[in-house]
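Here is the structure we will look at.
The values are calculated or read from the model by the stated rules, or taken from the named source; none is laboratory data. What you see is a predicted model; the values in this text were computed from it and never measured. Cβ atoms come from the backbone with ideal geometry, glycine included; neighbour counts cover every protein chain shown.
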């Protein structure tokens with residue numbers, strides 16, 4: 001019955017075909033839950049940070065397709081404009097705008113907010129999506145360790161400066177893209193800015209834990225306002241965020257490692273599904289201070305439930321970003 005397998009060419013072709021088929025089957029399984037609601041976003045004004053690539057770009061595209069007015073808050077204006085043109089063509093929605101917002105600069109964030117408030121009188125959804133991961137030790141323009149500065153401090157300031165519009169536009173939502181890496185995170189109270197020692201992985205994990213702590217404290221402060229705040233893990237997604245992880249961008253990894261992990265990695269579109277769920281699902285209208293993954297509620301790490309730590313981090317973030325001095 002299997003005599004044809006005695007032919008080596010047939011055998012190896014059959015084995016290769018089976019392997020590829022299994023890989024694609026696993027790939028499909030690992031893409032996670034999809035946000036299947038047909039709900040529209042017409043008459044909603046949305047800001048998406050880091051919207052020129054990866055998860056942010058797909059989030060902006062899907063929101064534009066649903067009729068939202070989308071502001072792409074990005075550092076690189078050339079890449080942003082290229083992405084904007086692509087999104088406009090795909091969505092047939094001309095209300096998609098590029099605006100400069102460098103989360104590594106408090107001045108840039110303040111300028112973005114000032115400009116936005118001159119253009120819009122409302123904000124329905126703020127999506128804190130931009131991030132950096134495991135980068136070499138460097139500082140933002142204001143002296144923050146880059147991962148803490150961009151992933152947490154930048155979004156902390158941006159969100160707080162926009163709270164008046166979000167409250168005015170209630171019911172409205174704040175969605176912050178965190179990561180399951182927060183489970184390994186620890187807020188280093190003695191050396192929050194990694195001035196004394198620096199480990200790229202530890203700094204990233206700390207910033208992602210900060211995202212969840214910020215979200216929970218923000219939700220507490222927003223009780224009764226009609227503004228909700230939630231965080232999420234998008235999954236392991238094929239985006240440019242790994243650009244600083246030299247090994248995974250090496251020739252060796254491209255030949256031997258990436259083919260092995262490829263079936264287990266989400267596409268950017270599938271990585272955006274939980275963001276869309278948190279931003280649009282009607283059932284989450286009154287849900288705040290929670291954490292989601294694959295469009296489902298998930299538990300957070302014990303450290304993320306430390307309310308006193310969340311309050312400490314908020315106070316430090318207020319001081320470092322000079323939130324109340326303008």
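Quick notes
- Unique match (being farther than 30 Å from residue 224 by Cβ, without any contact (Cβ under 8 Å) to a residue 60 or more places away in the chain and not in a loop (DSSP other than H, G, I, E, B)) among 206, 147: 206
- Residue count for the stretch 164-188, restricted to those that are in a helix (DSSP H, G or I), out of contact with any helix residue (DSSP H, G or I) (no Cβ under 7 Å at 6 or more places or on another chain) and surrounded by fewer than 20 Cβ atoms within 10 Å (Cβ to Cβ): 5
- The set of residues from the stretch 109-133 being surrounded by fewer than 18 Cβ atoms within 10 Å (Cβ to Cβ) and either under 20 Å from residue 320 (Cβ atoms) or at pLDDT below 95 (or both) comprises 110, 111.
- Checked against (1) within 20 Å of residue 205 (Cα to Cα); (2) in a loop (DSSP other than H, G, I, E, B); (3) at pLDDT 95 or above, residue 231 passes all but a single condition, namely (2).
- Residue pairs whose Cβ atoms lie under 8 Å apart, sitting 6 or more positions apart in sequence or on different chains, and linking a residue in the stretch 289-303 that is farther than 19 Å from residue 217 by Cβ to a partner that is at pLDDT 95 or above and assigned to a helix (DSSP H, G or I), are 293/180; 293/274; 294/273; 294/274; 295/273; 295/274; 295/277.
- Meets criteria (closer than 26 Å to residue 179 by Cβ, modelled with pLDDT of 95 or more and either part of a helix (DSSP H, G or I) or out of contact with any strand residue (DSSP E or B) (no Cβ under 7 Å at 6 or more places or on another chain) (or both)) for residue 104: yes
- Among the residues of the stretch 39-56, not a single one is in contact (Cβ under 8 Å) with a residue 12 or more places away in the chain, assigned to a strand (DSSP E or B) and over 21 Å from residue 160 (Cα atoms).
- Filtered by the rule that a residue be assigned to a helix (DSSP H, G or I) and touching a helix residue (DSSP H, G or I) at 6+ places or on another chain (Cβ under 9 Å), the stretch 274-301 gives 275, 276, 277, 278, 279, 280, 284.
- Inside the stretch 243-298, residues that are modelled with pLDDT under 95, over 21 Å from residue 204 (Cα atoms) and touching a strand residue (DSSP E or B) at 6+ places or on another chain (Cβ under 7 Å) make up a count of 0.
- When the criteria are applied in full, residue 141 meets the requirement of being within 27 Å of residue 203 (Cβ to Cβ) and modelled with pLDDT of 95 or more.
- Which listed residue, of 83, 73, 90, 130, is under 17 Å from residue 272 (Cβ atoms), part of a helix (DSSP H, G or I), touching a strand residue (DSSP E or B) at 6+ places or on another chain (Cβ under 8 Å) and in contact (Cβ under 8 Å) with a residue 12 or more places away in the chain: 83
- Residue 155 being within 20 Å of residue 53 (Cα to Cα) and part of a helix (DSSP H, G or I): yes
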